[in-house]
Each structure stands twice: as structure tokens, then as C-alpha cells.
1. Check whether at least one residue in region 1-10 is part of a helix (DSSP H, G or I) and either at pLDDT 70 or above or farther than 15 Å from S77 by Cα (or both), and report yes or no.
2. Does region 168-175 contain any residue that is part of a loop (DSSP other than H, G, I, E, B), crowded, with 20+ Cβ neighbours inside 10 Å and not aromatic (F, W, Y)?
3. So which of V83, V27 ends up being of a type outside the set (F, W, Y), out of contact with any strand residue (DSSP E or B) (no Cβ under 8 Å at 6 or more places or on another chain), closer than 25 Å to E122 by Cβ and at pLDDT 85 or above?
4. Out of all the residues in region 141-167, which are outside any helix (DSSP H, G or I) and either surrounded by 13 or more Cβ atoms within 10 Å (Cβ to Cβ) or not assigned by TED's automatic domain parsing to the domain that holds I205 (or both)?
5. Checking the structure you have, find out if any residue of region 205-215 is within 30 Å of E64 (Cα to Cα), of a type in the set (S, T, N, Q) and either in contact with a Ser or Thr (Cβ under 8 Å, 6 or more places away or on another chain) or at pLDDT 90 or above (or both).
6. Condition check: buried (at least 16 other Cβ atoms within 10 Å of the Cβ) and either without any contact (Cβ under 8 Å) to a residue 24 or more places away in the chain or over 18 Å from C136 (Cβ atoms) (or both). Does G58 satisfy that?
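The values are calculated or read from the model by the stated rules, or taken from the named source; none is laboratory data. Fair warning: this is a prediction, and the values are worked out from it, not measured in the lab. Cβ: placed from backbone, ideal geometry, glycine included. Neighbour counts: every protein chain shown.
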Amino acid sequence: MVTSEGGKMDIEIIISAQKDQTIKNQVIEAHIPLVIHTLSNILGRYICTENSNEYSTGLIALDEAINKYNPDKGSFSNFATLVIRNRVIDEMRKENQLNVVSIDDYQDIIEVRSSDLELKEEIEEMSIELEKFSICFEDLVEASPNHYDTRARCFRISEQSSEDEPIVKLMYKQYNLPVKEMIIKFLETKRFLYRNKSYITCLIIIFYKNFEAIKYWVQGTLRDDQHENI
């Protein structure tokens, strides 16, 4: 029987499960509590494993997570949770069980349509990156600046930072925005960088990791804001 050490499944076991159905079945069984916990958080109630469409969907998503996983995606449990969440929400939306109302532009990204496969995959990968910095997409709803000038300024400093290897390496080394170094290198104010810290961190990751679909989308929202301000 596959077991986990310290609550974390060995990466080698997950990779082996991609080639061996017996090991995969054991990995799935070991992660059933994760499936139930994730589904309960989405639905707001405990999930019965018998005759439950949501539970079946969760198991299918877990199998998908095993097949798609690689060490670059971070911890398997975090990656699997994201895949399960997205798959279940998609199925609920198809059956009109979930009525999504966008809060603003970034909420649209969080609740992306199931047909936007490239964007959806990038969101899954980026969510894992953001977790390293203790940030999630939901946080960005509040972190996104309201004014066009502020957002444009954040875009400019983020793109410059993403092209500066020492800045990016330092950011990933400490999993925090290197404010002091950015003040010196880009002549930005401490107040501005701290006030928009989460938003700028997110944009740097988008540019540096070259998440094309997300980058195209957020640049489009900036252009829309510019037109509204003309």
C-alpha cells in the first residue's frame, strides 16, 4: 500500500503511478480524503461517497492530476486540489448548479469558462506559483488597483522586473518582492511598491513565466481601462 511521509506523497510515487495502474489505484485511495475535503469546501456540505456525481467527478479529476503532474508544479496535493476544484466547478456550471457572478475583471479569470482550456491550464500553473508567495487569485480581486494610471505603472515596473534576472532570482529566493532592490534599480517609491506588492508580484510571475493567455487577457483589460479614460 502506498503511504505518505509527513502528509506528503513522494514525488517518485506519483511519477511511477503515471505508468503503473496498480500504483495509481493506491495513490487515488490514499488521496480520497483530499477529494472529499475539496468537494466539501466547494459545496459547503459533507460529501457522501455513494451515488454522488460530484464525488465521481472528483475521482476523475484526481486521476487527471496524477497523469498531468510533474515536480515543477509544486506539491502534488496542492496541484490535485486545483484540478479537482476546476473540474467540479465546470461540471456544476454545465448542469446550471453554479451561478457565477463576476466581482470584477480578475474574478472573471478565477471563474474561467471550461472552454478556455489554455487559460485554465495557465491559471492552474500560476496558482501553484502564487502559493509559494502566500498569494491566491482571490487575493488579487482586492489587490488590483482601481485607477488606470496606477495599474499601468504596475505593469511597467513588473515587466521591467521580469526581464531583470537578479531581481527575479532574489524574488524567488525569498518568496517575497525585493522592494529595497527595486527602489534602487527602478527608482520607485517604497510606498508604491508596498501598497501594490501582491499585484506587482503576480504580474512579474505572468511576464517571467510567459503565461501568454493570462498576459493577453490582463493586457486587454488595461487597454479597456485606457479607452474608458480617454
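1. Restricting attention to region 1-10, the residues satisfying the condition of being part of a helix (DSSP H, G or I) are none.
No, every residue in region 1-10 fails to be part of a helix (DSSP H, G or I) and either at pLDDT 70 or above or farther than 15 Å from S77 by Cα (or both).
2. Taking region 168-175 and keeping what is part of a loop (DSSP other than H, G, I, E, B), we get 175.
Filter once more, so that each one left must be crowded, with 20+ Cβ neighbours inside 10 Å: none.
Among the residues of region 168-175, not one is part of a loop (DSSP other than H, G, I, E, B), crowded, with 20+ Cβ neighbours inside 10 Å and not aromatic (F, W, Y), which makes the answer no.
3. Values: V27 fails: closer than 25 Å to E122 by Cβ.
Sole residue among the options that is of a type outside the set (F, W, Y), out of contact with any strand residue (DSSP E or B) (no Cβ under 8 Å at 6 or more places or on another chain), closer than 25 Å to E122 by Cβ and at pLDDT 85 or above: V83.
4. Correct list: S144, P145, D164.
5. no
6. Yes, satisfied.
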